[in-house]
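To start, the structure under review is shown below, and the notes come after it.
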Amino acid sequence: MLELASESALTALGASSISISRLQPGTSTLQTLINSGDLAPDEERWPLDETYHFDDYPQARQVLSDLKVWVTDVDDPLSDPIEVELLRKLGKRTALAAPLIVDGQLWGEFYATRNSRLERFSAFDLAYTEALCAILAGALSRAIHFEALEQLAFRDPLTGLANRRALDDAAAVALQHRRGPRQGLVSHLSTFGPDHDGRARNRSGAEATTGPRRVSAVAVDVNGLKRVNDSAGHAAGDQLLTSVARLLVQHFSPLIGSMIARVGGDEFVVLVPNHSVLAVLNCANALCAAACELPAGAGVSCGVASTTRAWPHLSANDLFRAADQAQYEAKHRGQSTAVLSSLLDD
């Protein structure tokens, strides 16, 4: 959406470049999300760390505080010297900036430039920019609300973890050994994603080894939940579930790329791609030990299943079923350590 908006604005305004920036919540910093058009040598189309602080750019601060469109020009003696210096650095002659107001709140800034071969922005350009920013703000509002609704569809409302739908999507992707269309969404649902450079890492920080990709599942059942509900009420039962959810996040977050989901009343599943069986078992056993210390309930039962097979030789249901059977075995034995399934021996 931002790319389409910036490219369209280039043509409509006759601009040399367009930049759209987001006001970082709770700060006085603008972070540039996209630059389009004729860019300076050190500008990037999709910058990772291009930021501007209001304290360094008084005119920008005035625009965002007054919520008005403004124009600056290198030949105008009344222009802010700091803005003029920035224009010269960018190789441009004139600039136009406008606030982006989304749902009544300041969201960011729209910034356009023209080079020395083009005319200064006119009053017509300012009026057109105001209309353009209103359209863009409406599109941003719809996108923000759609994303929030979509995330609700993939989230367990009690614990905030992923739900079964999100888990099934992630498992299908993991077992096909490819990147899926919802991976960006899933990363917000208790998925511990790759490091900032995009490389998967194991617990020690080393890069994941090459070869067949291993996918593991940990089935976790909360023992004694019904007794807590019956004796202390459902509020106490909910508190036990959220306590277990926090322990799951605490103990499995070191396994980068893992997803934690609540799939039933007292059932959780952890999907762990690209980590050794030993690492998964260590985390599961640490979880079991910590859950035994909770003031309510009777700990948890854990089963682990792991495979290097991929679809169509193995389905997500096969993986989860093997982990479930191992969990049932752990519960039947009454043990406080994880049981490893032998059903999927590679």
Taking region 259-292, which residues are assigned to a helix (DSSP H, G or I), more than 26 Å from the chain's Cα centre (by Cα) and either at pLDDT below 90 or closer than 27 Å to ALA236 by Cβ (or both)? ASN285, ALA286, CYS288, ALA289, ALA290, ALA291
Tell me yes or no: at least one residue of region 62-84 is at pLDDT below 85, within 17 Å of ALA98 (Cβ to Cβ) and of a type in the set (Gly, Ala, Ser). yes
Among the numbered conditions (1) among the charged types (D, E, K, R); (2) loosely packed, with under 14 Cβ neighbours inside 10 Å; (3) in contact with an Asp or Glu (Cβ under 6 Å, 6 or more places away or on another chain), tell me where ASP56 comes up short. (3)
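Residue-by-condition table, conditions (1) touching a Cys at 6+ places or on another chain (Cβ under 7 Å); (2) in a strand (DSSP E or B); (3) closer than 16 Å to ALA112 by Cβ; (4) touching a residue at least 24 places away in the same chain (Cβ under 8 Å):
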residue: SER6; (1), (2), (3), (4): no, no, yes, yes
residue: ALA12; (1), (2), (3), (4): no, no, yes, yes
residue: LEU33; (1), (2), (3), (4): no, yes, yes, yes
residue: TYR52; (1), (2), (3), (4): no, yes, yes, yes
residue: LEU78; (1), (2), (3), (4): no, no, no, no
residue: LEU96; (1), (2), (3), (4): no, yes, yes, yes
Taking interchain pairs and intrachain pairs at least six residues apart, which have beta carbon atoms under 6 angstrom, with the first residue in region 275-302 and farther than 15 Å from ARG246 by Cα and in the same structural domain as SER231 (by TED's automatic domain parsing) and the second buried (at least 16 other Cβ atoms within 10 Å of the Cβ) and acidic (Asp, Glu)? SER301/ASP221
I need the full set of residues from region 248-273 which are out of contact with any strand residue (DSSP E or B) (no Cβ under 8 Å at 6 or more places or on another chain) and surrounded by fewer than 21 Cβ atoms within 10 Å (Cβ to Cβ), in order please. GLN250, SER253, PRO254, GLY264, GLY265
For region 14-31, give me the residue count where each residue is under 20 Å from GLU85 (Cβ atoms) and part of a strand (DSSP E or B). 5
Which of the residues spanning region 11-37 are surrounded by fewer than 17 Cβ atoms within 10 Å (Cβ to Cβ) and under 18 Å from THR94 (Cα atoms)? THR11, ALA12, GLY14
Going through LEU319, LEU343 one at a time, which residue ends up being of a type outside the set (Ser, Thr, Tyr), more than 16 Å from LEU225 (Cβ to Cβ) and buried (at least 23 other Cβ atoms within 10 Å of the Cβ)? LEU319
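Name every residue in region 244-258 that is touching a residue at least 24 places away in the same chain (Cβ under 8 Å) and in a helix (DSSP H, G or I), in order of residue number.
VAL244, ALA245, LEU247, LEU248, VAL249, GLN250, HIS251, PHE252
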Pairs needed: first member in region 229-240, surrounded by 11 or more Cβ atoms within 10 Å (Cβ to Cβ); second member anywhere, part of a helix (DSSP H, G or I) and among the hydrophobic types (A, V, I, L, M, F, W, C); C-beta distance under 8 Å; at least 6 residues apart or different chains. ASN229/ALA236; ALA236/VAL228; GLY237/LEU225; GLY237/VAL228; LEU240/LEU225; LEU240/VAL228
If you check ILE101 against the conditions, is it assigned to a strand (DSSP E or B) and more than 14 Å from SER16 (Cβ to Cβ)? yes
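The values are calculated or read from the model by the stated rules, or taken from the named source; none is laboratory data. As the structure is a prediction and not an experimental result, all values here were calculated from the model. Cβ coordinates were reconstructed from backbone atoms using ideal geometry, including for glycine residues, and neighbour counts include every protein chain displayed.
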